[in-house]
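Have a look at the structure below, then the notes.
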Amino acid sequence: MDTKIQETYDTVVRRNPGEAEFHQSVKEVFESLSPVLERNPQYVDAAVLERICEPERQIIFRVPWMDDNNNVQINRGFRVEFSSVLGPYKGGLRFHPSVYLGIIKFLGFEQIFKNSLTGMPIGGGKGGSDFDPRGRSEGEIMRFCQSFMTELYRHLGEYTDVPAGDIGVGGREIGFLFGQYKRITNRYESGVLTGKGITWGGSLVRTEATGYGTVMFTQEMLKAKGESLDGRKVIVSGSGNVAIYATEKATQLGATVIACSDSSGYVVDEDGLDLELMKQIKEVERARVSEYAARRGGRARFAESGSIWDVPCDIALPCATQNELNADHARTLIKNGVVAVSEGANMPCTPEAVALLQDAGIAFAPGKAANAGGVATSALEMQQNASRDSWDFEYTEERLQDIMVGIHQNCAETAEEYGAPGNYVLGANIAGFTKVADAVIALGVI
Ligand code: NDP
């Protein structure tokens, strides 16, 4: 980092104490920006870095609700509206006990550049709560979502702030949130949330989009090296929304996905995961991944300890959570001959792991590019809502495919332009940043 960037980073750390994940995400972007600031001194003069790192608005609120035993429960709700220079704030809601302001800010910061890369008119934001949905009844989930929205609704709107899902927030939760928004405002404002059900304003392909998009980006990266996914052994971490649909698309493209995980451990099925069984266990029964091995009658094994990254593979798709793949894991993957790593999750690889993978010449796709298909398809959902239309699956998937190919091309060309061919981290950061920076300047000091 050059001196000016380092000073700005130090200020961010000082002004946001204790928010390690936020610091990490800012540093990751800043490390790519020296050559951009050299070519564009107007970004320095206009204090673009300082302005981008300070969210436009941060909302923290109490979420009171009653559990099934009539006990009052209190959680903390967050919405960080980071940047609206490219469009309304857009980014998901995460319900997980690990959520605190630093997590939401790292996700919101990433989201600014990811949304910029999609080419769609959407700004960056993120929200959530430290609520733990695991083990909660349907009634408890609904009461929590209703209480959460009873505060959040006043900050939302199809032209203001448009949340979606993330960890712990899927179609069921979006339904409860949308229902409460509709009730409070007396408006059927479909464009205020994305990830809705198909019969009430949702878009086909939105459920699949993040996982599908990650694999489409991976395919493009491999194509650029004259390779493909066909016949490859793939490992996907997590077994939630992103992991399941990454598995589906990778399988469609001829790969064999041999392992996935959740926070209780991982399963290995050398014949290739039975996706219908996995969907039944995860999407319908909301059970643990060990259940998969139990029902495969000896064809799959469950490991409670150790790491999924110890399993030899050609392609690794971390799709669970931040910092889940560290330097030791990266060394193991390299030793086992991995050829590509794509981040389906947000910031799943530690900076040390990324450096090791890149130094070893492994094709590496950063999350803000590789998993941008989810938010891009959310923007397509907003388009359909605005035009009172709904597109069919094939057309919507084609749009997603075009967007992912476009993001890949943009990242690859930008990396090339800045003298670092094949460096998708640099390409994504610079391409995402310059569009935002130009808009920051154009809109004046606001
Ligand atoms: P889900 O809640 O559907 O699934 C998350 C999966 O990751 C679960 O299998 C969960 O296991 C596992 N997991 C979560 N936290 C941890 C943890 N601390 N340790 C180990 N495993 C963990 O979430 P999504 O699939 O939607 O999101 C996964 C990642 O993808 C996140 O980083 C998210 O920000 C990112 N992402 C999601 C998008 C989307 O459209 N959904 C868009 C872009 C990025 P368990 O059930 O045991 O907790």
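The values are calculated or read from the model by the stated rules, or taken from the named source; none is laboratory data. Bear in mind the structure is a predicted one, so any value in this text is a computation, not a measurement. We place every Cβ from the backbone using ideal geometry, glycine too, and count neighbours over all the protein chains shown.
Okay, residues lined up against (1) within 27 Å of A316 (Cα to Cα); (2) hydrophobic (A, V, I, L, M, F, W, C):
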residue: Y188; (1), (2): no, no
residue: G197; (1), (2): no, no
residue: T207; (1), (2): yes, no
residue: F217; (1), (2): yes, yes
residue: M221; (1), (2): yes, yes
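Restricted to segment 238-277, and to residues there that are more than 21 Å from the chain's Cα centre (by Cα) and of a type in the set (A, V, I, L, M), the residue that is nearest to the ligand (Cβ to nearest atom) is V267.
Quick one: is G231 part of a loop (DSSP other than H, G, I, E, B), within 16 Å of the ligand (Cβ to nearest atom) and modelled with pLDDT of 95 or more?
Working: part of a loop (DSSP other than H, G, I, E, B): yes; within 16 Å of the ligand (Cβ to nearest atom): no; modelled with pLDDT of 95 or more: yes.
In short, no.
Do you know which of the residues in segment 311-331 that are touching a helix residue (DSSP H, G or I) at 6+ places or on another chain (Cβ under 6 Å) and part of a helix (DSSP H, G or I) is nearest to E291 (Cα to Cα)? Per the stated criteria, the residue is H329. Taking first residues from segment 142-170 that are touching a residue at least 12 places away in the same chain (Cβ under 8 Å) and more than 12 Å from G191 (Cβ to Cβ) and partners that are among the aromatic types (F, W, Y) and more than 16 Å from the ligand (Cβ to nearest atom), the Cβ contacts under 7 Å between residues at least 6 apart in sequence or on separate chains come to R143/W65; F144/W65; S147/W65; M149/Y181; E151/F61; Y153/Y181. Here is a check on your reading of the model: is G139 under 15 Å from the mean Cα position of the chain (by Cα) and either part of a helix (DSSP H, G or I) or surrounded by fewer than 18 Cβ atoms within 10 Å (Cβ to Cβ) (or both)? It is false that G139 is under 15 Å from the mean Cα position of the chain (by Cα) and either part of a helix (DSSP H, G or I) or surrounded by fewer than 18 Cβ atoms within 10 Å (Cβ to Cβ) (or both).
Restricting attention to segment 178-207, the residues that are assigned to a helix (DSSP H, G or I) and either farther than 25 Å from D392 by Cβ or in contact with a Gly (Cβ under 9 Å, 6 or more places away or on another chain) (or both) add up to 14.
Beta carbons closer than 7 Å, at least 6 apart along the sequence or on distinct chains, pair a first residue in segment 68-84 that is farther than 29 Å from V445 by Cα with a second that is in a loop (DSSP other than H, G, I, E, B) for D68/S137; Q73/D67; N75/D130; N75/F131; R76/D130. Close Cβ contacts (under 7 Å, 6 or more residues apart or on different chains) running from residues in segment 342-354 that are free of Cβ contacts under 8 Å to residues at least 12 places away in the same chain and under 12 Å from A243 (Cβ atoms) to residues that are of a type outside the set (F, W, Y) and within 11 Å of the ligand (Cβ to nearest atom) are absent. Only residues that are surrounded by fewer than 22 Cβ atoms within 10 Å (Cβ to Cβ) and either within 10 Å of the ligand (Cβ to nearest atom) or closer than 23 Å to G213 by Cβ (or both) were counted across segment 325-347, and they come to 1.
Taken over segment 348-406, the criterion of being within 13 Å of the ligand (Cβ to nearest atom) and of a type in the set (D, E, K, R) is satisfied by K368, E381.
Scan segment 55-107 for residues that are of a type in the set (D, E), surrounded by fewer than 20 Cβ atoms within 10 Å (Cβ to Cβ) and touching a strand residue (DSSP E or B) at 6+ places or on another chain (Cβ under 9 Å) and jot them down.
So in segment 55-107, the residues of a type in the set (D, E) come out as 56, 67-68, 81.
So of that shortlist, the ones also surrounded by fewer than 20 Cβ atoms within 10 Å (Cβ to Cβ) come out as 56, 67-68.
Scanning segment 55-107 gives E56, D67.
Can you go through E28, E81, E38 and tell me which one is out of contact with any Ser or Thr (no Cβ under 9 Å at 6 or more places or on another chain) and away from the ligand (no atom under 16 Å from the Cβ)?
Selected residue: E38, the only one of E28, E81, E38 that is out of contact with any Ser or Thr (no Cβ under 9 Å at 6 or more places or on another chain) and away from the ligand (no atom under 16 Å from the Cβ).
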